[in-house]
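Report on the structure given below.
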Amino acid sequence: MSQLAQQLAGGQFVVTAEIAPPKGTNLAPALDGARKLRGVTAVNVTDNQGANMRLSSLALAAQLQQSGTETILQLTCRDRNRMALQSDLLGAAAFGIENLLLLSGDHGKFGDHPDARPVFDLDSVQMLDMASGLMAGTDMAGKPLNGVPRFFPGAAVNPAAEPFELMFQKVTKKVASGARFFQTQSVFEHGPLERFMAAMAPLRVPVIAGVLLMRSAKMARFLNANIPGVKVPQPLIERLEDAGDPMAEGLAIARETVGWARELCQGVHLMTLGHEDQIPAILA
Amino acid sequence: MIISELKPLDELQLALSACDKLFLVGCAACATACKAGGEEEVFKLQEWLATQGKEVSGSVVIDEACHIMRAARELRHHRNAVQEADALVVLACGSGIQSISSNVEKRVVGGLNSMFLGNVRRFGHYEEMCSLCGDCILNETAGICPVTTCAKGLLNGPCGGMEDGRCEVDEEIECAWRLIYERLQKQRRQGVFARRVPPKNWSRRRQPGRYRLKNGGR
Ligand code: SF4
Ligand code: SF4
């Protein structure tokens, strides 16, 4: 069982972070960055995040795992069909990767290869079913596996999405398809998170709240314009704008959000975008 | 209908650089309706070709250019003019262009780019609502196609990019799943939300498509 699975099962408050593979083959900064992480249970390894082509998430996750960092492998439906996704999951298992975050994936329009043909052969619910099937010993064609993988599959959710009931229908489907934990989009407001967690209570699936470290008002506006599903509310943008030291204000905002997560959720997922050294300060 | 548009003129210019005399073909069906290959557009093409120093040996607008036998018949009617030409220029969808190219030995230059099977919102506004997947889910989705009108073709509800019910790919467009959800609610039924939709059977859409009516259509 992965540490993440154990700690969540044991009711411990977990901390996850994320690392993006390089554009190119130089793994040193990513491996180095992972080594320096403190107080983190597992690290998400992103998969062509924002539809920008990078080294494969599986390759970096395998390296991290072998150098002793527990990973959460992100896999999207955008770039691979059902055969490639199954192959990669079996490959991940062979490298000892257990934690998965199975995603639809941002549309290719947002990235650096907008002319690529999007795949979306499966959606995230179907991919969770696929992982559950592999764990039960058969592939999607019903053929038996020689060596059965063990996974701890997770899914993503935007707790502030509207219409709420529509979003939550899909959460219910993801749980039915085998999602054992959720990691959320960046959380910016207490109210929507509280409402979401109240709806989650009967499902008994742990939720790790997404916390984004914003360094400036400019960055917040950029995220609003360019990252699907991220909507930094105007009052927060103003706080960053009016602050003498925007980075310190961003840290303060992140700390408040971690506080809400401690009150409502089972963990936090810290998106520090290159400022991993600030993680202890965010958790303090 | 099939929505198509005229290719960029510099691309056409290049494709026609080795040809002096041309026979023009339009289509009276879709290409006429979307103002890409009807009488009017064939005439405009002829005028443009004149400015390029090209000669036109004749022209025809075929009833439905995708009908291979009908295209053959029309080309036979214009045998001499076709014979005279160095190439045929076809203002029809890719299907129509291939009816022509399968009926003549001569070079065929397609003048249009074919885009999608489109509904007409109002004159000159076309929207893709069906992408011919071969396994229709509309009866469960309140008559709104997620395969086509969701930018990712998702089958089990909206992605994380939906913002206030709008699509992450184009905020002018409403998320297909929100529309499906609202219409099902109005109809007081669960529809597609009652089950987890399994992965799509894409073998239904194996290309190239072939279909024959049973008993020869009788
Ligand atoms: S599900 Fe959509 S794409 Fe498939 S046949 Fe029906 S309308 Fe067309
Ligand atoms: S926002 Fe809605 S329509 Fe757009 S890609 Fe996501 S699910 Fe599909």
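No value in this document is a laboratory result; all are computed from the given coordinates. Keep in mind it's a predicted model, so treat the numbers as computed, not measured. Neighbour counts are summed over all protein chains in view; Cβ atoms, including those assigned to glycine, are modelled from backbone coordinates with ideal geometry.
Fewest neighbouring Cβ atoms within 10 Å first, the residues A:Arg82, B:Arg76 line up as B:Arg76, A:Arg82.
Taking every DSSP beta bridge that has both ends in the range B:1-160, the antiparallel portion is near 35%. For chain B, the C-alpha radius of gyration divided by 2.2 N^0.38 Å, with N the number of residues, is 1.28.
For trypsin sites (Lys or Arg not before Pro), the sites in the range A:201-278 that DSSP calls loop and that have at most 10 other Cβ atoms within 10 Å are A:Arg204.
In order along the range A:183-196, the phi-based Karplus estimate (6.51 cos²θ - 1.76 cosθ + 1.60, θ = phi - 60°) of 3J(HN,Hα) comes to 10, 9, 4, 3, 9, 10, 9, 6, x, x, 5, 5, 4, 4 Hz; Gly and Pro are listed as x.
Pairs of alpha carbons in the range A:154-284 separated by more than 19 Å make up 48% of all such pairs.
Of interest is the spacing of the C-alpha centroids, which for the range B:184-218 and the range A:92-141 amounts to 23 Å. Evaluate E = 1/(1 + (r/R0)^6) for A:Phe13 and A:Gln66, where r is the Cβ-Cβ distance and R0 equals 35 Å; express this FRET efficiency to the nearest 0.05. The computed FRET efficiency comes out at 0.80. Taking the range A:110-127 and a reference point 7 angstrom along Cα→Cβ of B:Arg195, the backbone N atoms nearer than 19 Å belong to A:122-127. Each Cα pair under 8 Å and six or more residues apart adds its sequence gap; the mean of these over the residue count of the range B:132-205 is a relative contact order of 39 percent. Chain A: D in µm²/s via Stokes-Einstein (Kirkwood Rh, Cα pairs, 4 °C, 1.567 mPa s)? Once the numbers are plugged in, D ends up at 67 µm²/s. Our note on the geometry: Cα centres of the range B:114-182 and the range A:26-85, 32 Å apart.
Need one word for the range B:132-205: rounded, prolate or oblate. Basis is the Cα gyration tensor (sqrt eigenvalues a ≥ b ≥ c); a/c below 1.5 gives rounded, then a/b vs b/c decides. Verdict is oblate for the range B:132-205. Stokes-Einstein diffusion of the range B:2-115 at 10 °C, 1.306 mPa s viscosity, Kirkwood radius from Cα pairs, rounded to a whole number: 118 µm²/s. In the protein assembly as shown, Rg over Rh equals 1.07, where Rg is the alpha-carbon radius of gyration and Rh the Kirkwood radius from pairwise Cα distances.
Name the shape class, rounded, prolate or oblate, that the alpha-carbon gyration tensor gives for the range A:52-146, where a ≥ b ≥ c are the square roots of its eigenvalues, rounded holds for a/c under 1.5, and otherwise prolate holds if a/b is larger than b/c and oblate otherwise. Note, shape of the range A:52-146 comes out oblate. Where both partners of a DSSP beta bridge lie in the protein assembly as shown, what percent of those bridges are antiparallel, to the nearest 5? The answer is about 20 percent antiparallel. Think of it as helices only: each DSSP H run of n ≥ 4 in chain B is worth -39500 (n - 2.57), and spread over all residues that comes to -7500 deg cm²/dmol at 222 nm. Build a GNM of chain B with springs between Cα atoms under 10 Å apart, and of B:Ile97, B:Ile180, B:Ile62 the one that fluctuates most is B:Ile180.
Given the pairs B:Lys152/B:Lys186; B:Lys7/B:Lys152; A:Lys143/A:Lys173; B:Lys21/B:Lys44; A:Lys173/A:Lys231; A:Lys231/B:Lys186, which span a C-alpha to C-alpha distance of over 20 angstrom in this model? Going by Cα-Cα distance, B:Lys152/B:Lys186; B:Lys7/B:Lys152; A:Lys143/A:Lys173; A:Lys173/A:Lys231; A:Lys231/B:Lys186 fall outside the 20 Å limit. Here chain A carries DSSP beta bridges of which approximately 5% are antiparallel, counting only pairs with both residues inside.
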